[in-house]
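> One structure coming up, written as structure tokens, with questions to follow.
Computed from the coordinates by the stated procedures, all read-outs in this text should not be read as laboratory data. Everything quoted here is computed from the prediction, not taken from an experiment. Heads up, the Cβs are rebuilt from the backbone with ideal geometry, glycines too, and the neighbour counts pull from every protein chain shown.
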Amino acid sequence: MVNLTLIPISPLTLSSQFAIGVDVYSWQTGSKEQILFLAADETATDDALQRLATSTDVKLYISQYDSSTFQNYLRSHFDEWFDNDSISIRNKAAMLSEVVRNVLSDEFNRNETNSVVSAAKSLGSHIAHLASNKSLSGSELCQILHHDYGTFTHSANVGFYCSLLASQMGYSGEKLEEIATGGLLHDLGKLEIDERILNKPDKLDEFEFRTIKEHPLTGFRKLTKVKGVTTEQLLMTYQHHERLDGKGYPVGIGGSEIDIASRICSVADVFEAMTSNRPYRRSLSHKQTLEIMNEGVNKSFDKEVFQCWSNIVHRRLSI
Amino acid sequence: MLVEHRSPTFEHLTKSLRMRVQLTDGLRKMLNSERGPTSTNPFELRGTSRFRCFGKCVVNLSPESFEMPGQDTQSMAIIRDISRTGIGLIAHQQWYPEQLAQVLLENASMDVRVARARRAGPFCFEVGLIIVKHELQS
């Protein structure tokens, strides 16, 4: 039996052309243990990749100790893959998702705002490029992204969702890149919050709740000191917890006082949070999440933005 | 002894600018009834006492500060309290954290940095400012 701390990887990050450089384990629904699927120096066959891509029962893992080698593999081939037209948009999205999560994880741990912003801009540009490709559906994106709890995973996913939503709403080019980057940066202020509060499984006390509610303000303050951060990105960080009825925070503005990019971010943020596992609850299904969010239309969320997002996700449900 | 002196600049500006703040009933009542030291919330972790006062002032966005869309760079506001390190205003528009501004009072001016803002109602924002530098007009 394999006894390692394992982390999940997307099957779409494997290639039949390159050895991944780390052992890959597979786990099938119903089985008790993981088995070695691919040794470090082996390349996967096209048949095996095809089966993995269509299977929902098999999950792939690598050892946590190999995660930096795996990231080096992704980063060293990423540009080449990204420009390669023979690689499907779905595979590119999976690779980008892994890279974004890992880069954000590294940058968030270093917690140097200039460096975080610079990395987010570069990643935001790639995300926007993918989102503007109309062949990538919301369905595929939701399946590809990881849904564990971590500020970096959440930020990465919100970056993707914001970008997809903004693209559907007609944004393109630089504006779309701006919004994708803003999504990646929106929770920057959480880096200053003690993880014991962020990951507390019990109900927060008043002091802890106040501390959490400071994060839009903290993130905004940090970003104002960095050159090149746009007004939309500042506002996405500052206003993503504002509500349309004025009952949000930190300011309590409402309606059209909330910038459109922030309204996009708000919908993406709540959807991502509810569909991911948290220390204090299990994830909800997309259907349940949309039903709950629907009750918040015109109170918490902009109707048009929510409907656009609902359409994107419903397309997934109907597949 | 404090000598009453009104700066001509302040007088000119308060005549030419329109007060656009729309006070909420709660704030109007508070400003009309309360004076002197104010109570504080333990979560605010304040080091200095605030004194409730009521007056008008002119706020100019500093040229070195970043600008946000739709903001007036010069406007009138109401002073609600003041302490050794900060000043609380009621403004008609939102001010953003870290923005730099100059506040002109009847007989003093101060360079300030915005700490936070809270919307109390339409055209009514409570704004907390940190005093960076102050100067009495002679």
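> Would you mind checking the pairs A:Lys175/A:Lys225; A:Lys59/A:Lys200; A:Lys134/A:Lys227; A:Lys213/A:Lys247; A:Lys190/A:Lys247; A:Lys227/A:Lys303 and listing those with alpha carbons more than 23 angstrom apart?
Going by Cα-Cα distance, A:Lys59/A:Lys200; A:Lys134/A:Lys227; A:Lys227/A:Lys303 fall outside the 23 Å limit.
> How compact and how long is segment A:120-265, expressed as Rg and Dmax of its alpha-carbon atoms in Å?
15.3, 46
> Hey, with R₀ at 56 Å, roughly what FRET efficiency would A:Ala53 and B:Thr24 work out to, going by the Cβ-Cβ distance, to 0.05?
That pair, A:Ala53 with B:Thr24, gives E of 0.45.
> So how much slack lies between A:Arg210 and A:Ile197, counting 0.36 nm per residue of separation and subtracting their Cα-Cα distance, in nm?
Gain on extension, A:Arg210 to A:Ile197, equals 3.6 nm.
> Let me understand segment A:1-68 better: what is its radius of gyration from the alpha carbons, and its Dmax, in angstrom?
Rg and Dmax of segment A:1-68, Cα atoms, are 11.3, 31 Å.
> Once amide H atoms are built 1.01 Å from N in the peptide plane, which residues 5 or more positions from B:Asp81, or in another chain, come under 5 Å H to H?
Here B:Cys53, B:Gly88 satisfy the definition.
> Any chance you could tell me what percent of the C-alpha pair distances in chain A go past 34 Å?
Tail fraction, whole percent: 22.
> Only helices at least 24 Å long along their axis, Cα-based, and averaging -1.0 or more on Kyte-Doolittle count here, so list those DSSP H runs from chain A.
Membrane-span-like by this rule: A:89-110, A:113-131, A:151-168.
> Hey, what do the phi angles of segment B:94-108 turn into as Karplus ³J(HN,Hα) couplings, whole Hz, using 6.51/-1.76/1.60 and θ = phi - 60°, x for Gly and Pro?
6, 10, 10, x, 6, 5, 9, 8, 10, 10, 9, 9, 4, 10, 7
> Name the long-range amide H neighbours of A:Arg278: under 5 Å, sequence gap of 5 or more, or other chain; modelled H, no Pro or chain starts.
A:Ser283
> Work out from phi, with θ = phi - 60° and the Karplus expression 6.51 cos²θ - 1.76 cosθ + 1.60, the ³J(HN,Hα) of each residue of segment A:24-38, listed in order in whole Hz, and give x for Gly and Pro.
10, 10, 10, 9, 9, 3, x, 7, 8, 9, 8, 10, 5, 9, 8
> Hey, can you rank A:91-97, A:80-86 by average C-beta count inside 10 Å, highest first?
So the order, starting with the most tightly packed, is A:91-97, A:80-86.
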